[in-house]
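As C-alpha cells, the structure follows; a few thoughts come after it.
The values are calculated or read from the model by the stated rules, or taken from the named source; none is laboratory data. Bear in mind that the values here come from a model prediction, so they are computed numbers and not experimental data. Cβ: placed from backbone, ideal geometry, glycine included. Neighbour counts: every protein chain shown.
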Amino acid sequence: MANIDAATQGLQQVLCFALAGEAYALPILKVREIQAQATITRIPKAPSYMPGVINLRGAIVPILELRDRFSLGVPPEDTRPVIIIVEVQGRTLGIRVDSVSDVLDLDPTAIRPAPELGAQTALGREFIAGLASLPGSTGSDTMLILLDLDRLLSDKELLALDSAAMA
C-alpha cells in the first residue's frame, strides 16, 4: 500500500546504497533485483571498470564496478559488496556497490540539481540526476547523490559491455 500512497503523492522511490562512505540512490523503477552472493566470471581484455559477468538464471549479465568507474579506490577488506541488477538503456546490467541500505520516498521538490564540478572530476556531473539532503540521526544532514543510470555509460562503453557479455 505504501507504493500506491507514494505514487499518488508524487513521491519518487529510490534505492539507497553506499559507495566509499557516501550515500547514493537510483530510481527503484530501474532496479530488477539485488544479488548478495554472485560469482563473477572474469572476461579477458574487458574494461577495468567491468570485473566480469554473472550468470543470472541463464542470462549473462555484465557487472559494472562503480568504485572503479568513479575512481574511488579499493574497498576496505571487510566490505561485502552487493550487486544491484538494473535496466540501463534496454540492457540488463549489474552494478557492484559497497552495501544497500533501504528504499526511500523522495519528494521531487527536495531534489536539487547537481552543481558544476569541473571537467576534471572523476564523477562528472553528467552522471548525477540531483542531490537531496536527508536528516541524519546525529542531527546533521546526509547528502544523497542521485545517479542517472542512462547517462552512466557512453554508447561506446555500452557496446564494450555487450561485447564482453557475448564472449
| query | What are the residues in the range 63-103 that are within 20 Å of Gln12 (Cβ to Cβ) and small (Gly, Ala, Ser), if any? | reply | Ser101
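Please find, among Leu15, Leu11, Leu19, the residue that is modelled with pLDDT of 95 or more, in contact with a helix residue (DSSP H, G or I) (Cβ under 8 Å, 6 or more places away or on another chain) and of a type in the set (A, V, I, L, M).
Values: Leu11 fails: modelled with pLDDT of 95 or more; Leu19 fails: modelled with pLDDT of 95 or more.
After ruling out the rest, the residue left standing is Leu15.
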| note | Expected single match for of a type in the set (Asp, Glu) and farther than 30 Å from Pro108 by Cβ among Glu22, Glu77, Glu33 is Glu77
| Any residue in the range 69-83 that is over 20 Å from Leu144 (Cβ atoms), of a type in the set (A, V, I, L, M) and surrounded by 15 or more Cβ atoms within 10 Å (Cβ to Cβ)? | yes
| Flag if Val103 is under 27 Å from Asp141 (Cα atoms), crowded, with 19+ Cβ neighbours inside 10 Å and in contact (Cβ under 8 Å) with a residue 60 or more places away in the chain | no
| query | Among the listed residues Arg112, Arg125, which satisfies the condition of being under 22 Å from Leu19 (Cα atoms), modelled with pLDDT of 85 or more and not small (Gly, Ala, Ser)? | reply | Arg112
| message | What are the pairs with Cβ atoms under 7 angstrom where one residue, in the range 22-50, is touching a residue at least 40 places away in the same chain (Cβ under 8 Å) and surrounded by fewer than 18 Cβ atoms within 10 Å (Cβ to Cβ) and the other, located anywhere, is among the acidic types (Asp, Glu) and in a loop (DSSP other than H, G, I, E, B)? Sequence gap at least six, or different chains. | response | none
| If the Cβ limit is 6 Å and pairs must be 6+ apart or interchain, which residue in the range 75-90 that is free of Cβ contacts under 8 Å to residues at least 60 places away in the same chain pairs with which residue that is part of a strand (DSSP E or B)? | Pro81/Arg96; Ile83/Gln35; Ile83/Gly94; Ile83/Arg96; Ile85/Arg32; Ile85/Glu33; Ile85/Gly94
